[in-house]
Each structure stands twice: as structure tokens, then as C-alpha cells.
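Report on the structure given below.
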Amino acid sequence: MTSSNALPGFGDPAVGFDTPFEMLEACHERVQRSLALLQKLQDYLHDHPCDDSARQAARDVLRYFDIAAPLHHEDEELHVFPPLLERGSADAVAAVRQLQQDHEAMSANWQAARALLRALADGGQDAFSAQDEAVLARFAGVYGAHIRTEEDVVYPAARALLAPAVVQAMGVEMRRRRGAAG
């Protein structure tokens, strides 16, 4: 099992804070990679004893969803959702409301998944039970439809509403919240 040591949510040279919607979409790719690593970890533990690489994979998943994912959700809650709730179409408003509910579910599901991953990463357990895997599946399961709704409905609708100066300010604020140089 291999993993990256780069800060989660950073480091993609093709996107930056000057293109915040592209950055949000790149974050979705990192979410999917982190969820794939979580699945790979579970599969690995079915056939192998827990070892340093498995514990590191658990730490990598923890790191991403503890650091980058909350910032990503905050970006959406602060910059993408409000203009759509104020001026978006009925479909866009309904989509945003669903995404807000998803964010709440993701947060709650993460707390349960996090406890399992932390125990594995810290050496407190060496495998996941079927019940543990159900908890991990519940956490991961929300993301597919959520990402599709954001990329297919919400981001395009927000892009259409936001003036270039507002998008630029969004990128500046995203950078500031992350403490990134710029």
C-alpha cells in the first residue's frame, strides 16, 4: 500500500486559488482517491494482517477527511450555496438543500468512521468487523451522488450567477482560510 505525503487538498499544479471552481472539482478527485484508498485498505485487511502500510493508509484517509474535506465543505457553504439559495432556480435551490443535508450526514458519518480508522492507525485494533465495514460504507456511500450533483447542477449554476470579481474574491478567501501563500 502506498500513499502520498503531500498535504491533503493541496498540490495539484493544474489548479489553484485563482480558479476556485476547478479547485473544488480537483478536491472531488482527491475525495474519490481517498475513498478508493479506504476501500483498498479494507480489501487488504481481508487477506493480510494489519501492518505498517495498512496503518499508514488509515492515517492518510484520516488526514484527508480531517483537514481538506471540512475546508472544501466550508468553501461551498460560504461561497457556492448562498448565491444559489438567494437567486438560483428552484432546481438549484433544491439541489443545494440536499447538499446541505449531505454535509450534515457526511460529518456525522465521518465521526463514526474516524473512530474506526483512528483505532487502526494507533494500533488499537488490527481489522474491521462486518459492522465496522458497514459504518465505513455508510460514510463513503454519500459521496457519489453528492459529487455528481455539485459538478452537474450546482457548480454550473453558481458559475453562471457569480461575477468574475466575486469568483476572484472566493479564491482569495479560500487561500486565506488554508493559510496558503499567495
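Taking the accessible area of the stretch 8-157, probe 1.4 Å, and keeping the other protein chains in place, the carbon and sulfur fraction comes to 51%.
Label point of Gln100 set 7 angstrom out along Cα-Cβ; within the stretch 66-80, amide nitrogens under 20 Å from it belong to 70-80. What FRET efficiency comes out for the pair Leu161/Ser107, r = Cβ-Cβ distance, R0 = 25 Å, nearest 0.05? In this case the efficiency is close to 0.40.
Placing a label point 7 Å from the Cα of Ala145 along the Cα-to-Cβ direction, the residues of the stretch 80-97 with a backbone N closer than 18 Å are 91-97. Around Asp75, under 10 Å between beta carbons, what's the net of Lys plus Arg minus Asp minus Glu among the other residues? Cβ neighbours under 10 Å give a net charge of -2.
In the chain, helical runs assigned H by DSSP with n ≥ 4 each contribute -39500 (n - 2.57); averaged across all residues and rounded to the nearest 500, the mean residue ellipticity at 222 nm is -22500 deg cm²/dmol.
For the chain, modelled as a GNM with alpha-carbon contacts under 10 angstrom, which of Ala158, Ala113, Ala130 fluctuates the most? With Cα springs under 10 Å in the chain, the top fluctuation among Ala158, Ala113, Ala130 is at Ala130. Computed over all pairs of different Cα atoms, the Kirkwood value for the hydrodynamic radius of the stretch 115-182 is 15.7 Å. Specify which labelled value, from (i) 9, 32, 31, 17, 9, 1; (ii) 8, 25, 20, 16, 17, 11, 3, 0; (iii) 9, 36, 32, 17, 6, 0, agrees with P(r) over Cα pairs in 10 Å bins from 0, in percent derived from the coordinates of the model shown. Only one listed value fits the structure, namely (iii).
The value of relative contact order for the chain, using C-alpha pairs under 8 Å at least six residues apart, is 32 percent. Computed over the stretch 41-145, the alpha-carbon pair-distance distribution with 5 angstrom bins reads 2, 12, 20, 20, 14, 11, 8, 6, 4, 2, 0, each value a whole percent. In sequence order, the stretch 114-124 has phi-based couplings of 4, 4, 5, 5, 4, 4, 5, 4, 8, x, x Hz under the Karplus curve 6.51 cos²θ - 1.76 cosθ + 1.60, θ = phi - 60°, and Gly or Pro positions carry x.
About its Cα centre, what dipole magnitude does the stretch 85-165 give when the only charges are +1 on Lys and Arg Cβ and -1 on Asp and Glu Cβ, stated in debye to the nearest 20? Write down the numbers at each step before the final one.
Numbers: 7 positive and 11 negative charges, 41 e Å.
About 200 debye.
The stretch between Ala119 and Glu77, if pulled fully straight at 0.36 nm per residue, gains 12.1 nm over its current Cα-Cα span. The residues of the stretch 131-182 present an accessible area of 53 Å² per residue when probed at 1.4 Å with all protein chains retained.
Once you have the Cα-Cα distance between Asp43 and Asp126, take 0.36 nm times their residue separation minus that, and quote the gain in nm to one decimal. Display every interim value, and only then the final one.
Values: separation 83, 0.36 × 83 = 29.88 nm, distance 1.32 nm.
Extra length from Asp43 to Asp126 when fully extended: 28.6 nm.
Scalar couplings 3J(HN,Hα) for the stretch 154-159, obtained by applying the Karplus form with A = 6.51, B = -1.76, C = 1.60 to θ = phi - 60°, are 6, 4, x, 5, 5, 4 Hz; x denotes Gly and Pro.
Among Ala157, Ala108, Leu136, whose Cα projects farthest towards the positive end of the dipole of the stretch 102-182, with charges put on the beta-carbon of Lys, Arg (+1) and Asp, Glu (-1)? Toward the positive end, the furthest listed residue is Ala157.
The values are calculated or read from the model by the stated rules, or taken from the named source; none is laboratory data. Since we're looking at a predicted model, the values are computed, not measured. Cβ: placed from backbone, ideal geometry, glycine included. Neighbour counts: every protein chain shown. Surface areas here come from the heavy atoms of the whole protein model, side chains and all, with no ligands, DNA or RNA. Shrake-Rupley method; radii C 1.70, N 1.55, O 1.52, S 1.80 Å.
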